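One structure below.
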Amino acid sequence: MINKEELDNILALYKAQPVGSGYMDVIVKRENVRQLIHKLILGGVQINSITWWQYVEQNTKSKGYGLGGPKSDYYDGWFSEINFADDELNTTVVDDIMKVIENKEITFSNGERIGYIQDECLTPALWLDIPDEWESH
């Protein structure tokens with residue numbers, strides 16, 4: 001498996017942002033998600049699950065899906081966690097992981113539905129299985 005420095009370099013290359021001090025939620029925008037997953041799997045990193053976030057552009061009002069979260073380190077906006085949406089994985093096949101991501105649809109209690117394909121704001125975060133003592137940033 002890759003070491004911590006290599007992991008941090010890969011995340012920076014693909015503009016993937018860990019939330020907090022660990023690697024349990026690594027938010028990655030759609031233009032980099034496939035390449036990041038491929039690179040992580042090649043490096044021996046298991047992706048345990050996917051959580052879901054709303055990306056909100058700077059000076060744009062949130063659509064109200066998320067619960068709040070960090071300002072983006074790489075883009076002008078911020079991320080807001082969609083807390084109840086979590087997809088567990090038990091595969092290391094990039095195409096299978098991408099199918100889970102691309103087929104994601106979330107229905108809220110008010111009946112509103114968003115999906116990865118049609119809603120640019122829906123953003124995945126990867127939960128990485130790495131040593132517990134590794135801290136990001």
Residues in region 15-33 that are touching a residue at least 24 places away in the same chain (Cβ under 8 Å) and more than 11 Å from residue 79 (Cα to Cα): how many? 12
From the list 14, 23, 55, which residue is of a type in the set (Ser, Thr, Tyr) and modelled with pLDDT of 95 or more? 14
Can you go through 41, 37, 82, 47 and tell me which one is within 11 Å of residue 124 (Cβ to Cβ), at pLDDT 95 or above and in contact with a Ser or Thr (Cβ under 9 Å, 6 or more places away or on another chain)? 47
Failed item, numbered, when residue 79 is tested on (1) in contact with a Phe, Trp or Tyr (Cβ under 6 Å, 6 or more places away or on another chain); (2) among the hydrophobic types (A, V, I, L, M, F, W, C); (3) within 19 Å of residue 130 (Cβ to Cβ): (3)
Output the number of residues of region 42-77 satisfying the condition of being over 23 Å from residue 117 (Cβ atoms) and β-branched (Val, Ile, Thr). 1
Among (1) closer than 15 Å to residue 121 by Cβ; (2) at pLDDT 90 or above; (3) among the β-branched types (Val, Ile, Thr), the one test that residue 97 misses: (1)
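The values are calculated or read from the model by the stated rules, or taken from the named source; none is laboratory data. Because the structure is a prediction, the values reported are computed rather than measured. Cβ atoms come from the backbone with ideal geometry, glycine included; neighbour counts cover every protein chain shown.
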